[in-house]
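Working notes, structure below.
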Amino acid sequence: MSQMPSENSATLRDVLFILFRQEILSVGQSRDSDIASGIELMKSRELAAQVVDQFGHESFLSPRDAKIESGEKNPFLVAVDWFDDLLTPGDSPTGEQSAEEARREDAIEAFMENLEIEVGKQSTIITLTLDAYHPKLAHDALQFLLDAYIERHIEVYQASGSLQFFEDQAAALKTALEAEEDRLQQLKLEFGV
């Protein structure tokens, strides 16, 4: 015959209540640190570089720089560029490559400066704002940033093997549940319930 639990022993319901209560407490206590780490990740240079690479550095440069990129130069800017070329030697292919990389770096900096991330007091809502030269660019760049953030967040915070752990736990609990259901069925037959 099976043994009935005593009044002092913990039931599965008690254990689940304690675990659930602990989860609520830990979520509330760590909310601020979770939000802060999420904001830092969204503001990271790594994600900014991904956005700039996705949309092209010319998309995030100032209108003056964008005009220079597209070939529209006014005479004053031509003179400034000419003096810059005199002062900075290097018409070699590596000089061109470094100029391209410098424009990319400027675009990354511009993106980071134009990105604003805010959280209201006692709130879990994060507001992202991007000042851009076209509303569609701002929308698309923020959407790409959020997608990249989610992907990176999963990489950073997912413990290795955690999915396998939960799959194993689910399988073990299913087996235990089936065994208890069989036991319950046997008891019902035995007592005619």
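Could you go through the range 130-139 and let me know if any residue there is under 22 Å from Ile35 (Cα atoms), touching a residue at least 40 places away in the same chain (Cβ under 8 Å) and surrounded by 10 or more Cβ atoms within 10 Å (Cβ to Cβ). Checked against the condition, which is being under 22 Å from Ile35 (Cα atoms), touching a residue at least 40 places away in the same chain (Cβ under 8 Å) and surrounded by 10 or more Cβ atoms within 10 Å (Cβ to Cβ), the range 130-139 yields no hits at all.
Considering the conditions (1) on the phi < 0 side of the Ramachandran plot; (2) open to solvent by 80 Å² or more (accessible area, probe 1.4 Å); (3) at pLDDT below 90, Gln122 is excluded by exactly one of them, (1).
Filtering the range 90-117 down to residues that are acidic (Asp, Glu) and modelled with pLDDT under 90, which residue is most open to solvent (accessible area, probe 1.4 Å)? Top of the filtered list is Asp91.
The values are calculated or read from the model by the stated rules, or taken from the named source; none is laboratory data. These numbers were taken from a predicted model, which means no experiment stands behind them. Virtual Cβ from ideal backbone geometry, glycine too; neighbours counted across all protein chains shown. In case anyone asks, the SASA skips ligands and DNA or RNA and just uses the protein heavy atoms, side chains included. Shrake-Rupley method; radii C 1.70, N 1.55, O 1.52, S 1.80 Å.
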